[in-house]
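This report concerns only the one structure given below.
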């Protein structure tokens, strides 16, 4: 049986499609993880996250399709110039592994980012409650009472919670 330039392309394409599906599954896990963490932290669900996921899908799958094209070209090149078949889509597999790693990193990173945003929001709210003048007044009164020997400074007189 004679080998042709198309031998092995069916297997290569099948493995490539499976790699692409695995990346889609990794993206779905990332999306569900982000949704669940946002829900647990009481953050609003917006279309922004879904928009980012769609953009990421287009970029990642585009990368894998381009990698598949490179694999096919390598297959043809190796067949024509080296006279051997190239059946394993190495570039697609490599890019699939890299993109799955990025998704794994993203799952763990989301919790930290959301917690940082929550803490920043708490700090901003706290800063809005007491402005600089009130804080300076409270500290000055506490320092005055401390230096005069009054052991129980009454700080509540200077605080205005309007």
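Only one of the listed residues (5, 18, 25) is farther than 17 Å from residue 103 by Cβ and either in the same structural domain as residue 90 (by TED's automatic domain parsing) or part of a loop (DSSP other than H, G, I, E, B) (or both). That residue is 5.
Take residue 46 and tell me if it is modelled with pLDDT of 85 or more, over 15 Å from residue 9 (Cβ atoms) and exposed (fewer than 15 other Cβ atoms within 10 Å of the Cβ). Spell out the reasoning first.
Details: modelled with pLDDT of 85 or more: no; over 15 Å from residue 9 (Cβ atoms): yes; exposed (fewer than 15 other Cβ atoms within 10 Å of the Cβ): yes.
No, not satisfied.
Given the criteria over 13 Å from the mean Cα position of the chain (by Cα), touching a residue at least 24 places away in the same chain (Cβ under 8 Å), in the same structural domain as residue 105 (by TED's automatic domain parsing) and not in a helix (DSSP H, G or I), does residue 43 qualify? Please lay out each step first, then the result.
Working: over 13 Å from the mean Cα position of the chain (by Cα): yes; touching a residue at least 24 places away in the same chain (Cβ under 8 Å): yes; in the same structural domain as residue 105 (by TED's automatic domain parsing): yes; not in a helix (DSSP H, G or I): yes.
Taking the combined requirement at face value, the residue satisfies it.
For the stretch 68-84, indicate whether the set of residues that are surrounded by fewer than 15 Cβ atoms within 10 Å (Cβ to Cβ), modelled with pLDDT of 85 or more and closer than 24 Å to residue 95 by Cβ is non-empty. Looking for residues that are surrounded by fewer than 15 Cβ atoms within 10 Å (Cβ to Cβ), modelled with pLDDT of 85 or more and closer than 24 Å to residue 95 by Cβ, one finds none in the stretch 68-84, hence no.
The values are calculated or read from the model by the stated rules, or taken from the named source; none is laboratory data. Worth saying up front: this structure is predicted, and the values here are computed from it rather than measured. With ideal geometry, Cβ positions are generated from the backbone for all residues, glycine too; neighbour counts draw on all protein chains shown.
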